[in-house]
Amino acid sequence: MHASQGKSAGLGLALVSAFAFGGSGVAAKPLIEAGLDPLHVVWLRVAGAALVMLPVAWRHRDLLLRKPALLAGFGLLAVAGVQAFYFASLSRIPVGVALLIEYLAPALVLGWVRFVQRRPVTRAAAVGVVLAVGGLACVVEVWAGLSFDALGLLFALGAACCQVGYFVLSDQGSTGEDAADPLGVIAYGLLIGAAVLTVVARPWGMDWSLLAGRAELGGTDVPAALLLGWIVLIATVVAYVTGVVSVRRLSPQVAGVVACLEAVIATVLAWVLLREHLSAPQIIGGAVVLVGAFIAQSSAPKAPGGPVAGGSASVAGAGAGAGAGVSADAAGETELSAGRTAP
């Protein structure tokens, strides 16, 4: 009875996390179109969330000595890198397309495992990669000579590559008795990301008056501060925390399926609120990308020896835009995994 209730609660939290993450791009794009630089929007998001998560960082301050490389990698790649590239892509291509390109990350991880580490992968993993790449070709409509802005597509691919970098880093020593608490990693990742983005974005040059004005969301003027509040509190803090808590209550497979809903939610919200319509081939291609990403994710490696086993890893409930995932193994332990780093 208690187990069933725990799974139901976990599923509900996972859906909340997927919805919250999926809404980040929809809330950020009006701010960018109102005149804010994408890097400034990223800085506001990360710095605001870092302030909220300060108590969590203080509670897990021992991580600074135990896992400095993991924290640095998460802050630089999963937070600063993923979100900067993702938000830059939003200024040029639709939200749904940008997020679907990010979902190539699990396939790219398997490419790293096979061709760089020269470790074997399962047939299911190879099928997942083929499906993800084929679906992406439909999303960007390669037969039309790439109907979207090429630089925007490159930015989205850059976000996916940053995710890969963090996945590879987190695979090194993030398991076992000394495994890092995901909430602590998120808190310090946000702090490190905010510090890096402060140097890169130079927020002192931002037009702060824009935040006191209004931005257009689907033809309706909305207070810019309200959109920013959604991005910081809901699409970052709430999304990360509910994602971590939910995966501790769900199996990796269920968590992975729910996480893939993030791209669906983002696309639907962008369709309704931003009027970013996709064609039938793009919708079909997006579905194929998600299926391929899930298969590739489920076939991710657990240990550096032997073939890649299916069903061994999960996502923490993208991007995008942007967090640390956890997956539960048979012993009930938790580990950082190829989880949510974006959007």
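Residue pairs, Cβ under 6 Å, 6 or more apart or interchain, first in region 82-101 and open to solvent by 10 Å² or more (accessible area, probe 1.4 Å), second assigned to a loop (DSSP other than H, G, I, E, B). List them.
92/149; 94/276
When you look at residue 180, is it crowded, with 18+ Cβ neighbours inside 10 Å, modelled with pLDDT of 85 or more and not in a helix (DSSP H, G or I), yes or no? I'd like the intermediate steps shown before the answer.
Values: crowded, with 18+ Cβ neighbours inside 10 Å: yes; modelled with pLDDT of 85 or more: no; not in a helix (DSSP H, G or I): yes.
Considered against the rule, which asks whether it is crowded, with 18+ Cβ neighbours inside 10 Å, modelled with pLDDT of 85 or more and not in a helix (DSSP H, G or I), residue 180 comes out as no.
Can you tell me which residues in region 211-226 are in a helix (DSSP H, G or I) and open to solvent by 50 Å² or more (accessible area, probe 1.4 Å)?
Those that are in a helix (DSSP H, G or I) and open to solvent by 50 Å² or more (accessible area, probe 1.4 Å): 212, 225, 226.
Exactly one of these conditions fails for residue 114: (1) part of a helix (DSSP H, G or I); (2) open to solvent by 60 Å² or more (accessible area, probe 1.4 Å); (3) in contact with a Phe, Trp or Tyr (Cβ under 9 Å, 6 or more places away or on another chain). Give me its number.
Condition not satisfied by residue 114: (3).
So in region 5-59, with the set limited to residues that are hydroxyl-bearing (Ser, Thr, Tyr) and within 13 Å of residue 236 (Cβ to Cβ), which one is modelled with the lowest pLDDT? Show your work before the answer.
As a first pass, look at region 5-59 and keep what is hydroxyl-bearing (Ser, Thr, Tyr): 8, 17, 24.
When the remaining residues are screened for being within 13 Å of residue 236 (Cβ to Cβ), the result is 17, 24.
On the way: 17: 86, 24: 91.
Across region 5-59, the extreme among qualifying residues is 17.
Output the number of the condition that residue 185 fails; it satisfies all remaining conditions of (1) closer than 18 Å to residue 84 by Cα; (2) of a type in the set (Val, Ile, Thr); (3) open to solvent by less than 50 Å² (accessible area, probe 1.4 Å); (4) modelled with pLDDT under 95.
Of everything listed in (1) closer than 18 Å to residue 84 by Cα; (2) of a type in the set (Val, Ile, Thr); (3) open to solvent by less than 50 Å² (accessible area, probe 1.4 Å); (4) modelled with pLDDT under 95, residue 185 misses just condition (1).
Working only within region 261-286, note down all residues that are open to solvent by 50 Å² or more (accessible area, probe 1.4 Å) and either modelled with pLDDT of 80 or more or within 14 Å of residue 126 (Cβ to Cβ) (or both).
Quick first cut of region 261-286, residues open to solvent by 50 Å² or more (accessible area, probe 1.4 Å) only: 261, 264, 268, 271-273, 275, 277, 280-281, 283-284.
If the condition is that a residue be open to solvent by 50 Å² or more (accessible area, probe 1.4 Å) and either modelled with pLDDT of 80 or more or within 14 Å of residue 126 (Cβ to Cβ) (or both), then 264, 268, 271, 272, 273, 275, 277, 280, 281, 283, 284 are the ones that fit.
Please pick out the residue among 243, 193, 165, 229 that is assigned to a helix (DSSP H, G or I), out of contact with any helix residue (DSSP H, G or I) (no Cβ under 7 Å at 6 or more places or on another chain) and open to solvent by less than 60 Å² (accessible area, probe 1.4 Å). It would help to see each step written out before you state the result.
On the way: 243 fails: out of contact with any helix residue (DSSP H, G or I) (no Cβ under 7 Å at 6 or more places or on another chain); 193 fails: out of contact with any helix residue (DSSP H, G or I) (no Cβ under 7 Å at 6 or more places or on another chain); 165 fails: out of contact with any helix residue (DSSP H, G or I) (no Cβ under 7 Å at 6 or more places or on another chain).
Criteria check complete, one pass: 229.
The values are calculated or read from the model by the stated rules, or taken from the named source; none is laboratory data. What you see is a predicted model, and the numbers here were worked out from it, not measured in a lab. Cβ coordinates were reconstructed from backbone atoms using ideal geometry, including for glycine residues, and neighbour counts include every protein chain displayed. The protein model used for the area step is the full one, side chains on, heavy atoms only, and it has no ligands, DNA or RNA in it. Shrake-Rupley method; radii C 1.70, N 1.55, O 1.52, S 1.80 Å.
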